[in-house]
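The values are calculated or read from the model by the stated rules, or taken from the named source; none is laboratory data. Computed from a predicted model, the values in this text were never measured in an experiment. Glycine also receives a Cβ, built like all others from the backbone with ideal geometry; neighbour counts cover every protein chain displayed.
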Amino acid sequence: MAYDLEEQEQLATLKAWWAKYGNMSTWVVIAGLAAYSGWTGWNYYQRSQAANASVLFEEMQSAVGKDNAKVLRAAGDIESKFGSTAYAQMAAMAAAKSSFDTKDLKSAKAQLQWVIEHGNEEYKAIAQIRLAGVLLDEKAYDEALKLVSAEPLPQFKAAAADRKGDILAAQNKLEEARAAYKAALEASDKKNPGRQLIQLKLESIGGTVPEEKA
């Protein structure tokens, strides 16, 4: 069918535009499709990683309390193969507790250190407090104190201050320990059952429990 004059002008304009920008437009479309494909592929990869990690994590949990060597092997597999998933942090924390319970402090420290280096901020904060506790048992007071001296996340202020008090009390730095325990009490929720233990520790080193504000 013949084109009328207006259609011919429109076609000529389109051809001219395509000659100038067509190649660029094609690449923009290709880039967009590639980005979408990459995004969906990444999401699929992440889901696949999490699913595989969950299987290993369940197997690891079945060995907790029975076979610490198996727990450590499973945790190592999860950390090396699925380190970007939350299961890796959970596995490392569980392996650290399993190792601590079986007096394998070297492995416990290694697992907690892995979380400190690779975990998110919350897991890192928990691992620092727990590692400080292991170091306290080993009488590595200076190393332990460093882990709880930095400003913690708000939700961990009480736990960090409490652990700091334990370390200072072990060093016989009683005035500083009392200050740390008082800070722990101030930062803890009034309904937290752990407050009673902090109060007992404070009183045991000659401290006075601050009166609660009305």
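Determine whether GLU143 is in contact with a helix residue (DSSP H, G or I) (Cβ under 7 Å, 6 or more places away or on another chain) and without any contact (Cβ under 8 Å) to a residue 12 or more places away in the chain. Break it down stepwise before answering.
Working: in contact with a helix residue (DSSP H, G or I) (Cβ under 7 Å, 6 or more places away or on another chain): yes; without any contact (Cβ under 8 Å) to a residue 12 or more places away in the chain: yes.
Answer is yes for this residue.
For residues that are among the aliphatic types (A, V, I, L, M) and touching a residue at least 24 places away in the same chain (Cβ under 8 Å), scanning just region 102-111, find the one that is nearest to SER84 (Cα to Cα). Per the stated criteria, the residue is ALA108. Would you call GLU203 over 21 Å from LEU147 (Cβ atoms), free of Cβ contacts under 8 Å to residues at least 12 places away in the same chain and loosely packed, with under 12 Cβ neighbours inside 10 Å? When the stated conditions are applied, GLU203 does not pass them.
Is region 112-126 home to any residue that is more than 26 Å from THR85 (Cα to Cα) and among the charged types (D, E, K, R)? No; the residues of region 112-126 include none that is more than 26 Å from THR85 (Cα to Cα) and among the charged types (D, E, K, R).
What do you reckon, is LEU131 assigned to a helix (DSSP H, G or I) and in contact with an Asp or Glu (Cβ under 7 Å, 6 or more places away or on another chain)? Can you show your working first?
Working: assigned to a helix (DSSP H, G or I): yes; in contact with an Asp or Glu (Cβ under 7 Å, 6 or more places away or on another chain): no.
So LEU131 does not fit the description; no.
GLU122 meets all of the listed conditions (1) at pLDDT below 95; (2) under 18 Å from LYS97 (Cα atoms); (3) surrounded by 16 or more Cβ atoms within 10 Å (Cβ to Cβ) but one, namely (3). When we screen LYS124, LYS109, LYS103, LYS146 for residues that are over 21 Å from GLU58 (Cβ atoms), basic (Lys, Arg) and outside any helix (DSSP H, G or I), the only hit is LYS103. With the structure loaded, tell me whether ILE167 is surrounded by 15 or more Cβ atoms within 10 Å (Cβ to Cβ), in a helix (DSSP H, G or I) and touching a residue at least 24 places away in the same chain (Cβ under 8 Å) or whether it fails that test. Yes.
Applying the set (1) modelled with pLDDT of 95 or more; (2) closer than 19 Å to LYS164 by Cα to GLN111 leaves exactly one unmet item: (2).
Within region 51-63, does at least one residue satisfy the condition of being surrounded by 16 or more Cβ atoms within 10 Å (Cβ to Cβ), part of a loop (DSSP other than H, G, I, E, B) and at pLDDT 60 or above? Checked against the condition, which is being surrounded by 16 or more Cβ atoms within 10 Å (Cβ to Cβ), part of a loop (DSSP other than H, G, I, E, B) and at pLDDT 60 or above, region 51-63 yields no hits at all. Filtering region 170-200 down to residues that are out of contact with any helix residue (DSSP H, G or I) (no Cβ under 6 Å at 6 or more places or on another chain) and polar (S, T, N, Q), which residue is surrounded by the most Cβ atoms within 10 Å (Cβ to Cβ)? Checking each candidate, the answer is GLN199.
Based on this model, can you work out whether ALA132 counts as within 19 Å of LEU153 (Cβ to Cβ), over 15 Å from the mean Cα position of the chain (by Cα) and of a type outside the set (D, E, K, R)? Taking the combined requirement at face value, the residue satisfies it.
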